[in-house]
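Everything on this sheet refers to the single structure shown next.
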Amino acid sequence: MPSSITDIPVLPVIHVAIVEDDPGFCDALSKAVGAAPDMLLAGMAGTRAEGLAMLQGPPADVLLVDLGLPDGSGIDVIVAAVAQWPSCNIMVSTTFGDETHVMRSIEAGAAGYLLKDSSPAKMIDEIRSLASGGSPISPIIARQVLARFRGAALPASAPAASAAADQRGAGARGQEEAQVLLSAREKEVLDYITRGFTAQEIAKLMQLSPFTVRTFVRRIYSKLKVTSKTEAIYEARTLGLLPD
């Protein structure tokens, strides 16, 4: 005998709010949320001010926040959301992967931290993970957090022999660390830059907005400690990130 319609389990709906100023990324993400059977787009904001205003409304289950907003930092939105939407799970979705932004976001109340390397489909999976109690973190960000805590746990005065051994292994470690210095997306952008593509051309090839590509370029320059395309290519090759 067939089960009645009331016996069919109903998936709990995850209400998702987004604070994001990149139109291309925001459009792709909002469409992915709208297409997910267990999600509902509860609100969207493109600036810090709009994000703070959105927090005056009904709380969402998950709040995705970009940090680089045109009128201020998304960290302000995270701090306000913790106070005004205490049951909401907050996740950073940004191009900023430096330690300062990571730690400030976590200290402010973010439970997840993803770089904009993921496809919308992957982001949907991470939203589900966050809503169910997980803490999605991009691998390169996880390495930074672990390295910070390992450093904090190191004794104030390490033995001299240990320090000497560390110095001897620095060269080998430096090359290994260089391989994880840039994310997969950043390496892809750098490869296109090396081949002479413009930001507009790279955006079309990678299906990103030019704004996102330019942000990737700024991040690459910052990580490699350079200020031009020529310097970036030279430094990346020196570190073994690009073939000679």
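Within the range 199-244, track down each residue that is open to solvent by 90 Å² or more (accessible area, probe 1.4 Å) and either of a type in the set (D, E, K, R) or in a loop (DSSP other than H, G, I, E, B) (or both). Within the range 199-244, Lys204, Gln207, Arg214, Arg218, Lys225, Thr227, Lys229, Arg237, Pro243, Asp244 qualify.
What residue, among those in the range 1-25 that are at pLDDT 90 or above and of a type outside the set (Val, Ile, Thr), is farthest from Ser118 (Cα to Cα)? Result: His15. Number of residues in the range 45-87 that are surrounded by 15 or more Cβ atoms within 10 Å (Cβ to Cβ) and of a type in the set (Ser, Thr, Tyr) equals 2. Quick one: would you say Ala28 is over 27 Å from Val213 (Cα atoms), at pLDDT below 95 and out of contact with any strand residue (DSSP E or B) (no Cβ under 8 Å at 6 or more places or on another chain)? In short, no. Restricting Gly196, Gly171 to residues that are modelled with pLDDT of 80 or more, loosely packed, with under 13 Cβ neighbours inside 10 Å and small (Gly, Ala, Ser) narrows the list to Gly196.
Can you pull out the residues in the range 116-131 that are out of contact with any helix residue (DSSP H, G or I) (no Cβ under 8 Å at 6 or more places or on another chain) and hydrophobic (A, V, I, L, M, F, W, C)? Within the range 116-131, Leu130, Ala131 meet the criteria. For Leu41, indicate whether it is free of Cβ contacts under 8 Å to residues at least 60 places away in the same chain, in contact with a Ser or Thr (Cβ under 6 Å, 6 or more places away or on another chain), open to solvent by less than 70 Å² (accessible area, probe 1.4 Å) and not acidic (Asp, Glu). Here the answer is yes, as Leu41 does meet what is asked.
Summed over the range 30-59, residues that are more than 20 Å from the chain's Cα centre (by Cα) and in a loop (DSSP other than H, G, I, E, B) total 8.
Restricted to the range 88-123, and to residues there that are free of Cβ contacts under 8 Å to residues at least 24 places away in the same chain and assigned to a loop (DSSP other than H, G, I, E, B), the residue that is most open to solvent (accessible area, probe 1.4 Å) is Ser119.
The values are calculated or read from the model by the stated rules, or taken from the named source; none is laboratory data. As the structure is a computational prediction, the values presented were derived from the model and not from experiment. When we count neighbours, we look across all protein chains shown, and the Cβ atoms used for this are built from the backbone with ideal geometry, even at glycine. Each accessible area value is taken on the protein alone, full model and side chains, heavy atoms only, with ligands, DNA and RNA left out. Shrake-Rupley method; radii C 1.70, N 1.55, O 1.52, S 1.80 Å.
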